[in-house]
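Bear in mind that the values in this text are calculations on the coordinates, not laboratory data. The structure displayed is predicted, hence computed values, not measured ones. Quick reminder, even Gly has a Cβ in these numbers, built from the backbone with ideal geometry, and neighbours come from all protein chains shown.
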Amino acid sequence: MSDELLSFRSVSKKYSLPHGGGSLVKGLFGLTRDADFWALQDIDLTIAAGERVAIVGPNGAGKTTLLKIAAGITTPSSGRVRVTGRVASLIHLEAGFHPDLTGEENILLNGLLLGMSKAEIVEKRQRIIAFADIGQFIDSPLYTYSDGMKFRLAFAVAVASECDLLLMDELFITGDLEFQYKTAQFIRATQRRNQKMASIVCSHRPVFIRSFATTFYALDKGRMRRVSPQHIEKMITLNNRRWRSAFGVPA
Amino acid sequence: MEFLLAMTYKEIAVRYRSALLGIVWMIINPFFQMLVIGFVFAFFFGIGDRYSYFLYLFSGLLPWQFFSQSLLTATQAFVQERQLLQKAMFPLEVLPLSIILANFFHFLVALMLFVIFLLVTGNLEVRNFLFLFPACVALFVFTFFSALLTSTLFVRYRDVRFIVQALLVVWFYATPVLYAITVLPPQFRFLFIVNPLSSWFEMFHSIILPQYGVTWDMLAANFILLVFGVTLSLWVFRRHRFSLVDWL
C-alpha cells in the first residue's frame, strides 16, 4: 500500500528490570541480575494516511511503550517497524520542553526535536503562538505554566510541524473536567482542520477516545486486538456502572 | 547540527538566566579559586616566587576547572534531560556534547582573558604560545569522550556520579595542576606518564614558563591512552545507545 504510514509486524518489547539496584560496583561484582518483563507481545498494526486510531487499555497494558516505538523513542526487541512520513508525539506534557526556558525558546527546542529546521520554526513562530493562545505567558519560563498551557503549546508545535502522524497518550489524566473538555474540543477541531493527519490516541478510559478515532484497539498485558466502536460504547456504559458501584453512588 | 547549537545556547542561557551579572560570573569563579589556592600555597607552603606561582596556578586551574566541571555535569546529561528523550529520537551524544561545548566556550573566554593579561604584563612565553592549540583540542576530545562514557554508564548505574567525584579528587593531585612534574620524586613520575591529562596540562603551563615538562615518552603514553579512552567510550556508548531510553 502506498499511503501506509506506519506498520508494526509482530512487534515485541522486552524491558530488563534491574534487581538489586543500579550500582556499577555491584554490577562489576555480579551482584545484580536483570528480570525480564514483556511490555508488548506480537503486535500487528498498520495505519494509513489520515486514519484515526485509538487504543484503550488499563494502566501498564503497554500503551505508552507502543507509542514510544512508533515515535522512534525506543526500539522493539523483535519484529519489524516501518514508518514513512513525519511523526510527532505528545506522550508527556513536558516532554521536549525545558522548564527554565520561555515559551518562545521552548517552541524552538521542541520544533527542532520534532525534526523541523530552525528556519521553518522561525517562519511559523507567529502561527504557533497564535494557535497555542497562552497570552503573555509565551515570554515566561515554562515552570510558570499550568498543565493546560503546556498542553496547548506542545500541541501547537506538533500541529505546526505538519506531521503525518500525531501520537497522543493519556493527555487528559492530569486535568479537571474543564481542562478535559477544552482539550477534547481542541483536538477535535484540529482533526477536522487537518484531514490528512493520521493519529493514534491512547487512554485507559474509553470515553476519552471515542470521538477521536474510527478504528479501535484494546490492549491488555501487552497483547492487542481490534474492537468495534460498539464495543467501546459498551465499555463506556459498563465503566460508568462500575464506577458508580465502586464509590457507592446509586444509579 | 542546529539542534546541537540550540542545546548549547540553552545550556549557556539557562545557567545565567537569573544571574544579573551574567557573563561576569564566568570570570569571577575561577578567579576566586585561584586567589584562595594561590594564597594558601604561596604563604603557607612558601613555594618560590609568589607572583609567578599565581600565574602557574592559574594556567593549570583554568583547564582543570573546565575538565572537572564538564565531567561532573555531563555525567548526568541523559538523566537530567530525560524530558527531551521522551519526545523524539535524536543523536544522543548531543546532550553531553552541548554541556561540554557550553563549558568550553566559558573556558576559552577565560583563557583568552588570561593570555591578554599575560601579554600586557609581559609574562607570556610567546615561543610556547602555540602549544595552547593542541592542548585545547586534546583536552576537549578527552573530556567529551570521558563524559560520553560516564553519562552512558550513569543511566544504568547511579553510583557512577560518586565514582567520578572520588576519581576527580585523586586525579587533581595526579595531574600537574598545582605543581610541576619536576617536584615529584622520580619514582612517582610514572603517575604522570599513565595519566592521560598530564601532557596537555604541561602545555598549558608552558605559556608562562620558558621550559616545559612534556617529554616524548609522556606524550606518546598520553596519546595512546587518549585513543584507548575514545575507543572504550565509543564501544560502551554504541552498545547501550538503543537501550538508554528504557532505563530513564
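Taking 7 Å along the Cα-to-C-beta vector as the label spot, tell me the B:L119-B:A180 distance in nanometres, rounded to one decimal.
In this crude label model, B:L119 to B:A180 measures out at 2.6 nm.
Cα centroid distance between the range A:79-132 and the range B:77-103, in Å?
The distance from the Cα centre of the range A:79-132 to that of the range B:77-103 comes to 16 Å.
Under a plain spin-label model, where a point goes 7 Å from the Cα along Cα-to-Cβ, how far apart in nm are B:L108 and B:R241?
Here the answer is 2.6 nm between the modelled labels.
Taking the beta-carbon count within 10 Å as an exposure proxy, list B:W64, B:W171, B:W25 from fewest neighbours to most.
Numbers: B:W64 22, B:W171 17, B:W25 13.
Going from sparsest to densest Cβ surroundings: B:W25, B:W171, B:W64.
Rounded to a whole number of µm²/s, how large is the Stokes-Einstein D of the range A:88-225 at 25 °C and 0.890 mPa s, given Rh as the Kirkwood radius over C-alpha pairs?
Result for D is 158 µm²/s.
Taking every DSSP beta bridge that has both residues in the protein assembly as shown, what percent is antiparallel when rounded to the nearest 5?
Rounded to the nearest five, the antiparallel share is 55 percent.
Which order results if A:E120, A:E94 are arranged by neighbouring Cβ count within 10 Å, fewest first?
Details: A:E120 15, A:E94 18.
With the fewest neighbours first, A:E120, A:E94 line up as A:E120, A:E94.
Is chain B best put as rounded, prolate or oblate by its Cα gyration tensor, with a ≥ b ≥ c the root eigenvalues, rounded for a/c under 1.5, and otherwise prolate when a/b is larger than b/c, oblate when not? Provide the component values of the computation, followed by the final result.
On the way: a/c = 2.03, a/b = 1.48, b/c = 1.37.
Judged from the Cα gyration tensor, chain B comes out prolate (a/c at least 1.5, a/b above b/c).
Rounded, prolate or oblate: which fits chain A when a ≥ b ≥ c are the square roots of the eigenvalues of the alpha-carbon gyration tensor, with rounded for a/c under 1.5 and prolate only if a/b beats b/c? Kindly include the intermediate steps, with their values, before the conclusion.
Working: a/c = 1.35, a/b = 1.12, b/c = 1.21.
Note, shape of chain A comes out rounded.
Please compute the modelled spin-label separation between A:D44 and A:K234, points set 7 Å along Cα→Cβ, answer in nm with one decimal.
So the two model labels end up 2.3 nm from each other.
Return A:T190, A:T237 ranked ascending by Cβ neighbour count within 10 Å, so the fewest neighbours appear first. Don't jump to the answer; show the numbers that get you there.
Values: A:T190 17, A:T237 11.
If I rank by nearby Cβ atoms, fewest first, I get A:T237, A:T190.
Which whole number gives the average count of other chain Cβ atoms within 10 Å of the Cβ atoms across peptide B:78-88?
Details: counts 0, 0, 0, 1, 2, 8, 9, 5, 11, 17, 14.
Average per residue, whole number: 6.
If you average the sequence gap of Cα pairs under 8 Å that are 6 or more apart and divide by the length of the range A:90-163, what percent do you get for the contact order?
Details: 83 pairs, mean separation 32.4, N = 74.
It rounds to 44 percent for the range A:90-163.
Which helices of chain B meet both criteria: a Cα extent of 18 Å or more along the helical axis and a mean Kyte-Doolittle score no lower than 1.0, with helices taken as whole DSSP H segments? Mind dumping the intermediate values first?
On the way: long enough: B:2-16 (21 Å, 0.39); B:24-39 (22 Å, 1.75); B:50-75 (36 Å, 0.50); B:94-121 (40 Å, 2.51); B:132-156 (36 Å, 1.86); B:160-173 (20 Å, 1.86); B:216-240 (36 Å, 1.08).
Those that clear 18 Å and a mean of 1.0 are B:24-39, B:94-121, B:132-156, B:160-173, B:216-240.
Putting +1 on Lys and Arg Cβ atoms and -1 on Asp and Glu Cβ atoms, find which of B:W247, B:F204, B:F223 reaches farthest to the positive end of the dipole of chain B.
Most positive-ward Cα: B:W247.
Given a Förster radius of 22 Å and the C-beta distance between A:F179 and A:Q136 as r, what FRET efficiency does 1/(1 + (r/R0)^6) yield to the nearest 0.05? Mind showing how you got there, number by number?
Details: r = 20 Å, r/R0 = 0.92.
Rounded to the nearest 0.05, the efficiency is 0.60.
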